[in-house]
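One structure below.
The values are calculated or read from the model by the stated rules, or taken from the named source; none is laboratory data. Being a predicted model, the structure only gives us computed values, none of them experimental. Heads up, the Cβs are rebuilt from the backbone with ideal geometry, glycines too, and the neighbour counts pull from every protein chain shown. Each accessible area value is taken on the protein alone, full model and side chains, heavy atoms only, with ligands, DNA and RNA left out. Shrake-Rupley method; radii C 1.70, N 1.55, O 1.52, S 1.80 Å.
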Amino acid sequence: MKIALIGYGKMGHMIEQIARSRGHEIVSIIDIDNQEDFNSPEFASADVAIEFTAPHVAYGNYLRAWKAGVKVVSGSTGWLSEHGDDVRKACNEEGKTLFWASNFSIGVAIFSAVNKYLAGIMNSFAQYDVEETETHHIHKLDHPSGTGITLAEQIVERLDRKTGWQTGTVKNPDGSVTPAEGNDPEKLTINSIREGEVPGIHQIKYDSEADCITITHDAHSRQGFALGAVLAAEYTHKHSGLLTIDDMFKF
C-alpha cells in the first residue's frame, strides 16, 4: 500500500517506521515547510494519507487530500465542533473517506469497550458519582483531550443521571492550576493534567461513601498509537465513508 504522511513530528516518524516494517511504501511526507506537495503527483499516488497535525489545520488538510483523491486517516482532535457537520456531509453524501479516531491505541479501544460496559452497569447504582481525569504531555494544546471527551460522551450516553460533561480543573505545564469552569452535579467532570512527556493516561473513577471503582489506561509510549494508525490505514484502503475504531474493532 502507498501511504502519504501529513505531519512529521514524533508520531509521524513512528508511523513511518511501523508502516515500512509492515511492507508499505511512504510516497510523500508533508510538513509545515512543504505544503505545496499536496499538489504533487507523489501525494496523489497515495492510497491513504495518515494525518497527525494540529486542531486549527486538520480540516484544511482533509480538504486538500480529498481534492487529490486520497483517503484520510486522522488522529487530530479539536476540529469536530466547528467542522463535524462538513466532514459528515463530505463522507456521507460526497464520496469522501475519513477514518477518524481521538485515539488509535488498541489498548484504548479495549478500554473504551470496558468503559461503555461499566457505565451501563453503573446506571442502576445512583450512589456512585463519576469523574474523569486525563493526563498528557506539555505539548498537547487542547484540553480535555479528544479521547477524554469520547470516553465522557460514552458514559453520558449510558448514565441517565448525567446530562453532559464539563471541564474540570486543568493543571498547566507551568504547574499552575486553572479552576473548573462549572460545578453542575448533573454533568460529568473531566479534569486535565499537562506534565512532562506523558503519552496519555485516562482514568474513570466511580466513587461512593462505601467504596471506589477506578479503571485506567496508561500508555507507555506512542508506539501503540502509531501501530493503530497504520492498522486503520490498512482498513481504510479497503473501505469508504466516515469510519471509526468501532468499524475496525468489533468488541
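Of all residues in region 11-53, those satisfying the criterion of being in a loop (DSSP other than H, G, I, E, B) and in contact with a helix residue (DSSP H, G or I) (Cβ under 7 Å, 6 or more places away or on another chain) are Arg22, Asp47, Phe52, Thr53.
In the set (1) within 25 Å of Arg161 (Cβ to Cβ); (2) touching a helix residue (DSSP H, G or I) at 6+ places or on another chain (Cβ under 8 Å); (3) in a loop (DSSP other than H, G, I, E, B), the condition left unmet by His239 is number (1). On the given criteria, is Ser112 more than 17 Å from Ser81 (Cβ to Cβ), open to solvent by 80 Å² or more (accessible area, probe 1.4 Å) and outside any strand (DSSP E or B)? Criteria not met by Ser112. Starting from residues that are of a type in the set (D, E, K, R) and either within 15 Å of Glu134 (Cα to Cα) or free of Cβ contacts under 8 Å to residues at least 24 places away in the same chain (or both), keep the ones in region 158-209 and report whichever is least open to solvent (accessible area, probe 1.4 Å). Among those residues, the one meeting the criterion is Arg194. Under the condition of being among the hydroxyl-bearing types (Ser, Thr, Tyr), surrounded by 13 or more Cβ atoms within 10 Å (Cβ to Cβ) and at pLDDT below 95, which residue from region 59-89 is farthest from Leu151 (Cα to Cα)? If we take residues in region 59-89 being among the hydroxyl-bearing types (Ser, Thr, Tyr), surrounded by 13 or more Cβ atoms within 10 Å (Cβ to Cβ) and at pLDDT below 95, then Ser76 is farthest from Leu151 (Cα to Cα).
Can you spot a residue in region 66-81 that is assigned to a loop (DSSP other than H, G, I, E, B), under 23 Å from Asn92 (Cβ atoms) and β-branched (Val, Ile, Thr)? Checked against the condition, which is being assigned to a loop (DSSP other than H, G, I, E, B), under 23 Å from Asn92 (Cβ atoms) and β-branched (Val, Ile, Thr), region 66-81 yields at least one hit. Quick check on Ile245: is it surrounded by 14 or more Cβ atoms within 10 Å (Cβ to Cβ), modelled with pLDDT under 95 and β-branched (Val, Ile, Thr)? Yes.
Could you tell me whether region 189-199 includes any residue that is modelled with pLDDT of 95 or more and more than 23 Å from Gly107 (Cβ to Cβ)? Scanning region 189-199 turns up at least one residue that is modelled with pLDDT of 95 or more and more than 23 Å from Gly107 (Cβ to Cβ). When Ile213, Ile155 are checked against the criterion of being assigned to a helix (DSSP H, G or I), at pLDDT 95 or above and either aliphatic (A, V, I, L, M) or loosely packed, with under 14 Cβ neighbours inside 10 Å (or both), a single residue qualifies: Ile155.
Comparison of Ala219, Ala229 shows that the only residue that is at pLDDT below 95 and under 15 Å from the mean Cα position of the chain (by Cα) is Ala219.
A quick yes/no check of all residues on (1) under 22 Å from Met248 (Cα atoms); (2) without any contact (Cβ under 8 Å) to a residue 12 or more places away in the chain; (3) touching a helix residue (DSSP H, G or I) at 6+ places or on another chain (Cβ under 8 Å):
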position: Thr97; (1), (2), (3): yes, no, yes
position: Ser102; (1), (2), (3): yes, no, yes
position: Ser124; (1), (2), (3): no, yes, no
position: Gln127; (1), (2), (3): no, no, no
position: Glu134; (1), (2), (3): no, no, yes
position: His143; (1), (2), (3): no, no, no
position: Gly148; (1), (2), (3): yes, no, no
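Hey, among the residues in region 219-242 that are in contact with a Pro (Cβ under 8 Å, 6 or more places away or on another chain) and over 17 Å from Thr77 (Cα atoms), which one's surrounded by the fewest Cβ atoms within 10 Å (Cβ to Cβ)? Only one residue tops the list, namely His220.
Name the single residue, out of those in region 92-107 being open to solvent by less than 10 Å² (accessible area, probe 1.4 Å) and among the hydrophobic types (A, V, I, L, M, F, W, C), that is nearest to Gly12 (Cα to Cα). My answer is Phe104.
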